[in-house]
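The values are calculated or read from the model by the stated rules, or taken from the named source; none is laboratory data. Bear in mind that the values here come from a model prediction, so they are computed numbers and not experimental data. Positions of Cβ are backbone-derived with ideal geometry, glycine not excepted, and every protein chain shown enters the neighbour counts.
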Amino acid sequence: MAEEWALSDAGLQNELDAWRAGIASVSNYSYGLFKSDTHPAVGDVIGNYTESDFTGYARQTLANSAYQAASVTSNVAESLANAPVNFDVSSSFVGSQLCYGYLVFNSGGTFLWAVRFANVRTLYAYDRLSVTPKMRMKNTT
């Protein structure tokens, strides 16, 4: 029988804050959007997602030091960025594009994780989608 273990809320908060502090001194992460109707799952790879490609789209960078101290609610530790990353749709974009969530990459372009929005967003010319990235850690059962 395998060992069973779980972190307390204080343990979750401590681990996320330690991770956040550890990455603050390394290269910044970049953030992208995905247009595929994908639900993030453990073990995902970038091939599970189709990155957005609307006119004007580009991945955005945010300093890893820009995250707040972690807080815990309902056994989930979370740290929000201090500022949003903004994705601007060009005025020359024709039509619309659905956006289901955002992707996170390290400085080498390696996919790290994805976050699906609670509600799908439809983007049109001149739109700006502002996303406040978050780091989250929770116990699983």
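Out of everything in region 50-68 that is of a type in the set (A, V, I, L, M, F, W, C) and in a loop (DSSP other than H, G, I, E, B), what residue ends up being nearest to Gln97 (Cα to Cα)? Within region 50-68, the match that is nearest to Gln97 (Cα to Cα) is Phe54.
Sub-8 Å Cβ pairs linking a first residue in region 73-84 that is without any contact (Cβ under 8 Å) to a residue 40 or more places away in the chain to a second residue that is in a strand (DSSP E or B), at least 6 apart or interchain, are Asn82/Tyr67, ordered by first then second residue. Hey, any hits in region 34-48 for a residue that's at negative phi, in a helix (DSSP H, G or I), at pLDDT 95 or above and loosely packed, with under 11 Cβ neighbours inside 10 Å? Yes: region 34-48 contains one or more residues that are at negative phi, in a helix (DSSP H, G or I), at pLDDT 95 or above and loosely packed, with under 11 Cβ neighbours inside 10 Å. Confirm whether Phe87 is part of a strand (DSSP E or B), free of Cβ contacts under 8 Å to residues at least 60 places away in the same chain and over 17 Å from Ala21 (Cα atoms). Yes. For Val26, the stated conditions do not hold, so it cannot be described as of a type in the set (A, V, I, L, M), out of contact with any strand residue (DSSP E or B) (no Cβ under 6 Å at 6 or more places or on another chain), exposed (fewer than 14 other Cβ atoms within 10 Å of the Cβ) and modelled with pLDDT of 90 or more. Ser52 passes every criterion in (1) among the polar types (S, T, N, Q); (2) loosely packed, with under 15 Cβ neighbours inside 10 Å; (3) over 13 Å from the mean Cα position of the chain (by Cα) apart from (2). Pairs linking a residue in region 119-139 that is basic (Lys, Arg) to a residue that is modelled with pLDDT of 95 or more and not in a strand (DSSP E or B), with Cβ atoms under 8 Å and 6 or more positions apart or on different chains, are Arg128/Val89.
Against the condition under 14 Å from the mean Cα position of the chain (by Cα), at negative phi and small (Gly, Ala, Ser), how does Ala10 come out, does it pass?
No; evaluated as a whole, the condition is false for this residue.
Filter region 97-133 down to the residues that are surrounded by 13 or more Cβ atoms within 10 Å (Cβ to Cβ) and of a type outside the set (A, V, I, L, M, F, W, C) and list them by number. Scanning region 97-133 gives Gln97, Tyr100, Gly101, Tyr102, Asn106, Arg116, Arg121, Asp127, Pro133.
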